[in-house]
Structures are given as C-alpha cells and as structure tokens.
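In what follows, a structure is listed as structure tokens, so that the remarks can point back to it.
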Amino acid sequence: MGNVTSNVAAKFAFFPPDPPTYDVIREEDGRLVFSGLTADKNVDVHLLDTKGGSKIVATFWRHPFARFTILYSHGNAADLGQMQELFIELRAHLRVNIMSYDYSGYGASTGKPSEFNTYYDIEAVYNCLKREYGLKQEDVILYGQSVGSGPTLHLASRSPKLRGVVLHSAILSGIRVLYPVKMTFWFDIFKNIDKIRQVNCPVLVIHVSSPFFALLFLQLNFF
C-alpha cells in the first residue's frame, strides 16, 4: 500500500511539458546555447552530470552588479523555455544573478523525474555555482515554487549559511497534497513539513498567482 501511494504521489508531482519548449545546441567552438535566446542576454548554459546518472540543463543569468544569486527551482508543469521572461524580469529588477535548471526528465535534461533525482539535480547545480562562479552560501537565495519546494528544502536543510529561502506555493508533502493527513508516513515524498525545521536561514513563504507579486515580496524582504 505504501509503495502504491508514494507512486501515485510521484505521478501527481511531475508533469514535464511534452514536447519540451526549447533545445540546447552545441556551437562549433563547443559552447552550449539555448534555442530562441540571443547572445546579448548574457546567459551561460551548462549540461551537468548528477549522482543519479542524469545530464541536466542549467542556465546562469548574469547581472553585472549582482550581490546575490537566486537558485530557482520551478514548478511541476514548466521547463526552462517557459521561464525566460520571468528570469529576465527578476534579474533586471532585483539586480541578481539567476541560476535555473530543469529536473531530470524535463526540457532537454535526461533521466526520469523522481523525488531523489530532484535532490541530485539541485546538488549538481549548487556545486556548479561554487565551482564555476566561486559563490558561497551567504551569496545564495534558494527559490522553490510548487514541487520545486522539495529540492529547495532538501538543500536548505543542509546549508545553514544561506542568505535566505523563498517558498512559493509550496507543498507540505506529496501525500498531504492528496489527503488531509496529520502525520508523516515513511513512504511519503517531499517531506517539506519536517525538513523546514532544519532550516536556519530566513524563510519567506508566499502564495501568489502572479510571479511579479513574488518579485515585489522579494524586494521587500531580501533587498
């Protein structure tokens, strides 16, 4: 029964756009580029190996005067191709870098969507931030929307010196989305309600329909 319920929760959690809304192309010089994105957007494209065996796409949206970097984990029915306008707005208005990525099985990322693959995915992206851009925990704000709250809290619970965490329309856990239970079962997925107790940095919880309201909340609380 437990495995059946957790499998149902997992199927409910992941709805990757089909077909994906973008492609990643390798130029003759070896540089990766994002389809539909002109070179003047100042975006680095990465293809990262994860501990789960996937190759995931990550994009780093650079701002020349950024103090902080937002590591953005998107919702369950989106991929990076659909998020471009939001990242451009966040970068411009908040003057931050944006590191975004597609989960295993989303967009041009390989593999299969699962709870543990999202954990491996965000770990690979965070390691890229440290390795390629020299960022420290104090420089990073984690942003998780919907199912993205799962990998966000996984990383936040292990990173005590983060600048902050934003949970946008977060879930309590996979089973709690389906049933009004009051306890945590061993077979549940994304046990956010338990993991948030292990987060030591400032946390902003928001439930808004427009991402631009989220932008306003960010401005008022972190900048």
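A residue that is open to solvent by 70 Å² or more (accessible area, probe 1.4 Å), within 14 Å of Ser100 (Cα to Cα) and modelled with pLDDT of 95 or more occurs nowhere in the range 31-46.
Between Leu153, Leu172, Leu167, which is closer than 25 Å to Val208 by Cα and modelled with pLDDT of 95 or more?
Numbers: Leu172 fails: modelled with pLDDT of 95 or more; Leu167 fails: modelled with pLDDT of 95 or more.
None of the other options fit; the residue is Leu153.
So, in the range 94-108, exactly how many residues are more than 15 Å from Phe68 (Cα to Cα) and open to solvent by 10 Å² or more (accessible area, probe 1.4 Å)? Can you show your working first?
The initial filter retains those residues of the range 94-108 that are more than 15 Å from Phe68 (Cα to Cα), namely 101-108.
Then keep just the ones that are open to solvent by 10 Å² or more (accessible area, probe 1.4 Å); that gives 105, 107-108.
Result for the range 94-108: 3.
Contact map, the range 61-83: first residue charged (D, E, K, R), second residue crowded, with 18+ Cβ neighbours inside 10 Å and assigned to a strand (DSSP E or B), Cβ cut-off under 6 Å, separation 6 or more or different chains; pairs are Arg62/Asn97. Here the range 120-135 is the region considered, the condition is being out of contact with any Ser or Thr (no Cβ under 9 Å at 6 or more places or on another chain) and outside any loop (DSSP other than H, G, I, E, B), and the residue that is least open to solvent (accessible area, probe 1.4 Å) is Cys128.
Could you tell me how many of the residues in the range 144-193 are in a helix (DSSP H, G or I), open to solvent by less than 50 Å² (accessible area, probe 1.4 Å) and more than 21 Å from Tyr103 (Cα to Cα)? Before you say what the answer is, go through the steps one by one.
As a first pass, look at the range 144-193 and keep what is in a helix (DSSP H, G or I): 146-156, 174-178, 192-193.
Subsequent filtering for residues that are open to solvent by less than 50 Å² (accessible area, probe 1.4 Å) retains 146-156, 174-176, 192.
Filter once more, so that each one left must be more than 21 Å from Tyr103 (Cα to Cα): 176.
Total meeting the criteria: 1.
Per the conditions (1) farther than 20 Å from His154 by Cβ; (2) in contact with a Lys or Arg (Cβ under 8 Å, 6 or more places away or on another chain), the sole criterion not satisfied by Met83 is (2). Quick test of your reading of the structure: Gln82 fulfils all but one of (1) of a type outside the set (Asp, Glu); (2) touching a strand residue (DSSP E or B) at 6+ places or on another chain (Cβ under 7 Å); (3) open to solvent by 30 Å² or more (accessible area, probe 1.4 Å). Name the failing condition by number. Status for Gln82: all satisfied but (2).
Working only within the range 55-73, note down all residues that are small (Gly, Ala, Ser) and either assigned to a loop (DSSP other than H, G, I, E, B) or in contact with a Leu (Cβ under 7 Å, 6 or more places away or on another chain) (or both). Show your work before the answer.
Taking the range 55-73 as the starting set, the residues that turn out to be small (Gly, Ala, Ser) are 58, 66, 73.
Once the filter is applied, which keeps residues that are small (Gly, Ala, Ser) and either assigned to a loop (DSSP other than H, G, I, E, B) or in contact with a Leu (Cβ under 7 Å, 6 or more places away or on another chain) (or both), the range 55-73 yields Ala58, Ala66.
Among the numbered conditions (1) under 22 Å from Ile206 (Cα atoms); (2) surrounded by fewer than 18 Cβ atoms within 10 Å (Cβ to Cβ), the only one that Phe116 does not meet is (1). Does Arg91 satisfy being part of a loop (DSSP other than H, G, I, E, B), surrounded by fewer than 23 Cβ atoms within 10 Å (Cβ to Cβ) and of a type in the set (Lys, Arg)? It is false that Arg91 is part of a loop (DSSP other than H, G, I, E, B), surrounded by fewer than 23 Cβ atoms within 10 Å (Cβ to Cβ) and of a type in the set (Lys, Arg).
To keep it simple, each residue is scored yes or no on (1) within 19 Å of His168 (Cα to Cα); (2) of a type in the set (Val, Ile, Thr).
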| site | (1), (2) |
| --- | --- |
| Val45 | no, yes |
| Leu48 | no, no |
| Leu71 | yes, no |
| Leu80 | yes, no |
| Ile122 | yes, yes |
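Taken together, Ser73, Ser54 contain a single residue that is at pLDDT 90 or above, buried (at least 20 other Cβ atoms within 10 Å of the Cβ) and in contact with a Lys or Arg (Cβ under 9 Å, 6 or more places away or on another chain), which is Ser54.
The values are calculated or read from the model by the stated rules, or taken from the named source; none is laboratory data. This structure is a prediction, so every number in the text was calculated from the model and none was measured. Every residue, glycine among them, receives a Cβ derived from its backbone with ideal geometry; neighbour counts consider all protein chains shown. Ligands, DNA and RNA are excluded from the accessible area calculation, which covers all protein heavy atoms including side chains. Shrake-Rupley method; radii C 1.70, N 1.55, O 1.52, S 1.80 Å.
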